[in-house]
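Where a number appears in this text, it was derived from the coordinates with a stated rule and is not lab data. For clarity, every value in this text was computed on a predicted model and none was experimentally measured. Cβ placement follows ideal geometry from the backbone for every residue including glycine, while neighbour counts extend to all protein chains displayed.
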Ligand code: NAD
């Protein structure tokens, strides 16, 4: 079976660099889809309370018989649960739905700076980590000012910041800030969510032709070779397998540079500073 490289987080725990994301995976289909992903070889699953499919993820894990310590499971605190007791209760509900007594990584899903509860929520995540309900803690969609407050007011450095990130929105500044502080970057929407023709970009087409790979495989390699943690989503077993078969070739420095040049600050999702959900 393909061996996925692991990245060591700042707390010493290791995360498989390639995983499987389940945003918009129908709760009724989640067990089957995650079972397919586990059969293909994925061992890192990225879900969230708001996706409504933690139960299906848990069912697939239970059915798989894969030893718990070979799996890496991430879930996230939803915005309306930010706070202290509300965050503890939300984490307990996530664990119950997943059928686990501990997750590998728990994230604050969005900073929602307008609510001004993300620092309080972070201090609660520190407690949840100390209690053993999660091995690692991190954030998602945090911009530099949000990270700076957490670094100043908390006592644990977030293990990761999960950000919208793909060749057209490459997040160079936050990647540099993360590298400076030991915060690993995870990419959401790594394939641009299929919302624009990322795969039609010449640099991606050229690299795909040169390596006999698909454009999706080239984009996943670009993430991996940039040290980014990535978990593309697909409901299709064939595409899941395609997205996992990315360890048989390597992009050259020139190919990486050509794909880097696609960056034009083009988001496909919401700007975290403006989120109101
Ligand atoms: P993605 O970039 O992974 O795109 C998924 C879409 O790409 C699929 O629906 C499919 O249409 C297409 N696709 C997948 N594989 C393909 C292939 N081989 N060839 C052609 N098309 C292909 O977008 P995503 O699902 O939004 O992001 C990945 C994961 O990131 C999510 O499932 C979720 O776990 C996480 N996420 C987190 C946040 C956050 O706010 N933290 C937001 C969105 C997503």
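List of remarks:
- Each of residue 55 and residue 120 was given a label point 7 Å from its Cα along the Cα-to-Cβ line. The distance between the two points is 3.0 nm.
- Take every Cα pair under 8 Å whose residues are at least 6 apart in sequence, average their separation, divide by the length of the chain, and the relative contact order is 19 percent.
- For segment 1-90, the average shadow cast by the Cα convex hull is 6.7 nm², which is a quarter of the hull's surface.
- Linear extension gain, residue 249 paired with residue 179, 0.36 nm per residue minus alpha-carbon span: 22.6 nm
- Stretched out straight at 0.36 nm per residue, the stretch from residue 263 to residue 206 would grow longer than its current Cα-Cα span by 18.9 nm.
- 17 Å reach of a label modelled at residue 66, 7 Å along Cα-to-Cβ, counting backbone N of segment 21-35: 21-23, 30-35
- Going from the fewest other Cβ atoms within 10 Å to the most, the residues 133, 68 appear in the order 68, 133.
- The chain: antiparallel DSSP beta bridges as a percent of all, rounded to 5: 15 percent
- Segment 1-60-segment 187-251 distance, computed between alpha-carbon centres (Å): 17 Å
- When the Gaussian network model of the chain links Cα atoms closer than 10 Å, the mean-square fluctuations of 264, 32, 135 top out at 264.
- Hydrodynamic estimate: the Kirkwood radius of segment 72-174 over Cα pairs, inserted into Stokes-Einstein at 10 °C and 1.306 mPa s, corresponds to D of 116 µm²/s.
- Only Cα pairs under 8 Å and 6+ residues apart enter the sum, and on that basis the relative contact order of segment 44-91 stands at 48 percent.
- Tensor-based shape of the chain (alpha-carbon gyration tensor, a/c under 1.5 rounded, otherwise prolate or oblate): oblate
- For segment 58-213: relative contact order, % (alpha-carbon pairs under 8 angstrom, 6 or more apart): 17 percent
- Stretching residue 153 away from residue 102 to a fully extended chain increases their span by 15.8 nm, per 0.36 nm per residue minus the current alpha-carbon distance.
- A P(r) calculated from all alpha carbon pairs of segment 122-277, with 5 Å bins opening at zero, reads 2, 9, 17, 19, 18, 14, 10, 7, 3, 1, 0 percent.
- Computed over the alpha-carbon atoms, segment 23-144 gives an Rg to Rh ratio of 0.98, Rh here being the Kirkwood radius from the mean inverse distance.
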